[in-house]
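Since every read-out is calculated from the coordinates, none of them should be taken as a lab result. From a predicted model like this one, the values you see are computed outputs, not experimental measurements. Cβ: placed from backbone, ideal geometry, glycine included. Neighbour counts: every protein chain shown.
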Amino acid sequence: MKKSISLTSALCLGLAFATSAVAQEVSEKADSASATYDVAQADESQDKIIPCPFGWSVEPNPSLDNSLNYVTADGALAVSVTSLSKSAGSYATAEAYARVASEQMQCQIPTNSNIVKNGWSFVCPKDGIEAIVYGDENELVMLAISGRNPDTESRLENFIRFLAYEAKNR
């Protein structure tokens, strides 16, 4: 005697096989994706990962403690980010630090930054850099920017957004 399967049973059986096949394919893709991106996951035994926006490279500044150098892939824009918390003095404001630093470096007088809120900016024409000092007392940061021009302005603005995001979330 020949057994027949109802249409509903056949559809359910087909759906079960299809679901199983899709789940296996998704699992295989997830495994290959996680294997591909293992490098970005650090555990306690590995070095800390330095955050870096897409299209930039980063490395510690060898000549300055608490400082990182970021450079765009094409080398058109470079930003050195330095924490001044240990060197700024106990009651230094961003404005005061910028004034002293610009004087010592023989740069232009600091003005309010047009790119960093509550930041103080000064330009050093002979060195070709712009410096921006910002932050609260005892938590000052200085950006030394090389290559800022109308062509690199949007990348610099995106980099500043990246810094703000990292500061907020870390």
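Residues in the range 145-156 carry Karplus couplings, in order, of 10, 10, x, 6, 7, x, 6, 9, 4, 5, 5, 5 Hz; the curve used is 6.51 cos²θ - 1.76 cosθ + 1.60 with θ = phi - 60°, and Gly or Pro positions show x. Our coupling estimate for the range 113-128, obtained by passing each phi through the Karplus curve with A = 6.51, B = -1.76, C = 1.60 and θ = phi - 60°, is 5, 8, 10, 10, 4, 6, x, 10, 10, 9, 10, 10, x, 5, 9, x Hz, Gly and Pro reported as x. The peptide list 126-139, 99-112, put in order of mean Cβ contacts within 10 Å with the highest first, becomes 126-139, 99-112.
Hydrodynamic estimate: the Kirkwood radius of the range 56-169 over Cα pairs, inserted into Stokes-Einstein at 37 °C and 0.692 mPa s, corresponds to D of 230 µm²/s. Here's how it looks for residue 84: its modeled amide H is under 5 Å from those of 140, 141, 142, which are all 5 or more places away or on a different chain.
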